[in-house]
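Report on the structure given below.
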Number of protein chains: 4
Amino acid sequence: MFELDVRSRKPIYEQLVDKLKELIISEVLKQDEQLPSVRSLAQQITVNPNTIQKAYRELENQGYIYSVKGRGSFVSPTSPKQNTEKIMKMKNELLKILSEALYLGISADEIIQLIKEAETTVRGGNENDSLT
Amino acid sequence: MFELDVRSRKPIYEQLVDKLKELIISEVLKQDEQLPSVRSLAQQITVNPNTIQKAYRELENQGYIYSVKGRGSFVSPTSPKQNTEKIMKMKNELLKILSEALYLGISADEIIQLIKEAETTVRGGNENDSLT
Amino acid sequence: MFELDVRSRKPIYEQLVDKLKELIISEVLKQDEQLPSVRSLAQQITVNPNTIQKAYRELENQGYIYSVKGRGSFVSPTSPKQNTEKIMKMKNELLKILSEALYLGISADEIIQLIKEAETTVRGGNENDSLT
Amino acid sequence: MFELDVRSRKPIYEQLVDKLKELIISEVLKQDEQLPSVRSLAQQITVNPNTIQKAYRELENQGYIYSVKGRGSFVSPTSPKQNTEKIMKMKNELLKILSEALYLGISADEIIQLIKEAETTVRGGNENDSLT
DNA sequence: GTGGTCTAGACCACA
DNA sequence: GTGGTCTAGACCACT
């Protein structure tokens, strides 16, 4: 479930944060659902509990989860506004990389083609969503 | 001209790399044009010369500039040939980031809009200028 | 183990890169094996840690090792896939240097002899060892 | 005649030394023939006279040419031994790069193929040599 | 403890 | 003047 890349330059706790964010955004982890405990998750993916701790704290700071002393950590009620900040970042990053791509001679049409490819990948995983 | 954020988590030299890349891509810095010397730029933005070197070195590795001992650093000519491998890499990277963007809820239309923005950055400075 | 020539015109960090490359190619350093830490190696061969870093960084750029913050530096797994581009580059480089060699009057037979030598270096440590 | 690559990391004076050595070895410049004067050559290839000076001095040190005050520089009588040192270097370099190539999975046969390619290139330029 | 960034200041090679 | 290497020593982020 949690595939971590220890070789990546991105710190493990950040990878965890990203993974968990994805799960929350995609509502695999639903509102107020309990997250695995620090220790159990640490054991499951063989990672230092401190690292999990750090990831959870980060998620709490960013408002994705909340912790209750003695009970555990839970998914926050989703407030769609939280993502605006992330979307802004992503758009900036996109603009940068799109410029690089165009500079390299990749045409707008080719990029649009890639968007279509990406769409099938992303939508493929939850295509029947609207039917539930 | 070079606004650096020393507080940022992104290292100074990386910020420099990004800034300079932009300038090269947008052709503010033209082919074979000389970049500011390591020392002069260091003084201008009050940063250690080693940091500038590191940025220049990185840009050289990425093929954006070339440096000649005793003469200076210059913008690489864009060689439209040979770049097929680079283009392949870029397409893979694009596919990844486009998926992320779609996943975040950015629509294909929005991305196409961003492509148009990027196009004006890359081509805007030289071609259809006279029509405005 | 690491004999450096501080008087050489070749920079220390480059000598290090070459030495380490050899060790990796000859599989003295095996896949995913941890390299000596920047600081320990620096102390061992009495060279500034920054110089070791530079060497490690270069090796990382060339794909021979990978470094993880807080954990250490490790030998990259040889990924037989994906390397087609690298192989293309190498073939071009080979063609260039082989031409130079022939031009200098080194005969094809002599080069083939060198290939055999190189083969024992690369494969010698593990395979037909038991037959001697 | 003298094609210099200002973008190369190899210093211009070294490129000059190599070029002139080639011309001497291939006897395009014959024994005791006069070399172009520092100034005229500098002008011809638009390079700083100091750089030419340095190249000539280097060639004199290596025994390829000799200079006579007030008259100019001349090609030394060829002593074939001079190249042994260079050939040794080349063989070492070859051994290194051949190991890298094998490590990357390029087979000995493929390299031999490349040798043949290189041979046609090198011999092609002066194939009628033996007939003169 | 690990790698990574940065500074200040020195020295070298090259044009 | 240019780029390039190296040192000594500091601080940060991550495990």
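The values are calculated or read from the model by the stated rules, or taken from the named source; none is laboratory data. Nothing here was measured: the structure is a model prediction, and the numbers come from that model. Don't worry about glycine lacking a Cβ; one is built from the backbone with ideal geometry, like all the others, and counts go over all protein chains shown.
Here are the numbers for this structure:
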| item | result |
| --- | --- |
| Some residue of region B:67-78 being at the interface with chain A (Cβ under 10 Å from one of its Cβ atoms) and surrounded by fewer than 17 Cβ atoms within 10 Å (Cβ to Cβ) | yes |
| Qualifying position, being within 14 Å of chain A (Cβ to nearest Cβ) and at negative phi, among B:GLU14, B:GLU33 | B:GLU14 |
| Failed condition for C:VAL6, given (1) modelled with pLDDT under 90; (2) closer than 30 Å to D:ILE112 by Cβ; (3) touching a helix residue (DSSP H, G or I) at 6+ places or on another chain (Cβ under 8 Å) | (2) |
| Flag if D:LEU29 is assigned by TED's automatic domain parsing to the domain that holds D:VAL68 and either assigned to a helix (DSSP H, G or I) or of a type in the set (Val, Ile, Thr) (or both) | no |
| Residue within region B:84-94 that is more than 13 Å from DNA strand F (Cβ to nearest atom), over 21 Å from C:LYS86 (Cα atoms) and over 17 Å from the mean Cα position of the chain (by Cα) present | no |
| Test: residue in region C:16-23 that is within 11 Å of DNA strand F (Cβ to nearest atom), surrounded by 15 or more Cβ atoms within 10 Å (Cβ to Cβ) and in a loop (DSSP other than H, G, I, E, B) | no |
| Test: B:SER73 is assigned to a strand (DSSP E or B) and in contact with a helix residue (DSSP H, G or I) (Cβ under 6 Å, 6 or more places away or on another chain) | yes |
| Residues that are among the polar types (S, T, N, Q) and within 10 Å of DNA strand F (Cβ to nearest atom), drawn from region B:54-83 | B:SER67, B:SER73 |
| Among residues of region C:106-125, those that are at the interface with another protein chain (Cβ under 7 Å from one of its Cβ atoms) and either over 28 Å from D:LYS21 (Cα atoms) or outside any helix (DSSP H, G or I) (or both), counted | 6 |
| All positions within region A:35-66 that are assigned to a helix (DSSP H, G or I) and surrounded by fewer than 17 Cβ atoms within 10 Å (Cβ to Cβ) | A:ARG39, A:SER40, A:GLN43, A:GLN44, A:PRO49, A:ASN50, A:GLN53, A:ARG57, A:GLU60, A:ASN61 |
| Among residues of region D:72-82, those that are modelled with pLDDT of 85 or more and either within 15 Å of the chain's Cα centre (by Cα) or not aromatic (Phe, Trp, Tyr) (or both), counted | 4 |
| Any hit, region C:81-91, residues being in contact with a Leu (Cβ under 8 Å, 6 or more places away or on another chain), within 16 Å of DNA strand E (Cβ to nearest atom) and more than 15 Å from D:ILE112 (Cα to Cα) | no |
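Let's see how each residue does on (1) on the phi > 0 side of the Ramachandran plot; (2) of a type in the set (A, V, I, L, M); (3) touching an Asp or Glu at 6+ places or on another chain (Cβ under 7 Å); (4) in contact (Cβ under 8 Å) with a residue 24 or more places away in the chain:
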position	(1), (2), (3), (4)
A:ARG9	no, no, no, no
A:LEU20	no, yes, no, yes
A:SER26	no, no, no, yes
A:GLN43	no, no, no, no
A:ASN50	no, no, no, no
A:ALA55	no, yes, no, yes
A:GLY63	yes, no, no, no
A:GLY70	yes, no, no, no
